[in-house]
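Structure first, commentary second.
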Ligand code: FPP
């Protein structure tokens, strides 16, 4: 007779609750709370960012293992330039170092790297490391990891409007013929499906100029967990929550259930 109690790994137990046939194709994450995590541990803010990299690694791995197709991480907003120069420099160095170290892991896991944002305005060492990573992973097709860097949704939308205005001025398109799809093609995310799930950590409930167009129909999941503490189990919990919601896209509940 069996007397021992079988131990169940809590992360595995959560994974088993996920319906793999109804996964969000694209998950976007606002990684927040690195500074508060550092403060809680009596350390400088940079220490929190460094620990945030473990959360990036683990979340990316978990999303790829599940079969999520796109994962977008808000790594640096245009507004983040307003932080103290020391912190901005440390973040840029961390990005260069992390990209340098993790490209091999991305290739091993068949993950393609992409980036959105005003990339040409990044410091040249960050830009070069990013372009190298994108080039070296371009043939991978298991999942796409999109880093939002020097990103601002308002900038992106204005940029799309400028591009369309140029096409009108060059008589390539009539203003009356402009459709949603023309606009979508001018966004940084052209070719990428809109995120179905947005996660923000650290108890803040805002969008902070992130993917304003693309998140039109996304489900929002807010958690108090600070980003450096975010682990596979947290991602699984967000997906379970997503799968328990009814997505109506403007229709009635009855229309959805009878379809
Ligand atoms: C927000 O926390 C976090 C950031 C502005 C940077 C995120 C960067 C990383 C996790 C590290 C590197 C990323 C990659 C993709 C390699 P905060 O500083 O605003 O925290 P606070 O609100 O508690 O002050």
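Numerical summary
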quantity: Cβ-based exposure ranking for 202, 124, in which fewest neighbours within 10 Å come first; calculated: 124, 202
quantity: Mean separation of Cα contacts under 8 Å, 6 or more apart, over the residue count of the chain: relative contact order %; calculated: 28 percent
quantity: Candidates 240, 173, 192, ranked by Gaussian network fluctuation over the chain, Cα under 10 Å, top entry; calculated: 173
quantity: Distance in nm between pseudo-label sites at residue 173 and residue 135 (7 Å out along the Cβ direction from Cα); calculated: 3.1 nm
quantity: Modelled FRET efficiency - R0 30 Å, residue 142 with residue 216, Cβ distances, 0.05 increments; calculated: 0.65
quantity: Cβ-Cβ FRET estimate between residue 209 and residue 166, R0 fixed at 30 Å, reported to 0.05; calculated: 0.80
quantity: Prolate/oblate/rounded label for the chain (Cα gyration tensor, a/c 1.5); calculated: oblate
quantity: Helical mean residue ellipticity (222 nm; -39500 (n - 2.57) per DSSP H run of 4+; nearest 500) of the chain; calculated: -14000 deg cm²/dmol
quantity: At R0 = 30 Å, FRET efficiency that the Cβ-Cβ distance of residue 159 and residue 125 yields, to 0.05; calculated: 0.80
quantity: Estimated distance in nm for a label pair at residue 6 and residue 88, the labels positioned 7 Å out from Cα along Cα-to-Cβ; calculated: 5.6 nm
quantity: Distance (nanometres) between label positions extended 7 Å along Cα→Cβ at residue 20 and residue 39; calculated: 4.2 nm
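Since every read-out is calculated from the coordinates, none of them should be taken as a lab result. Since we're looking at a predicted model, the values are computed, not measured. Glycine gets a Cβ as well: all are built from the backbone with ideal geometry, and neighbour counts include every protein chain shown.
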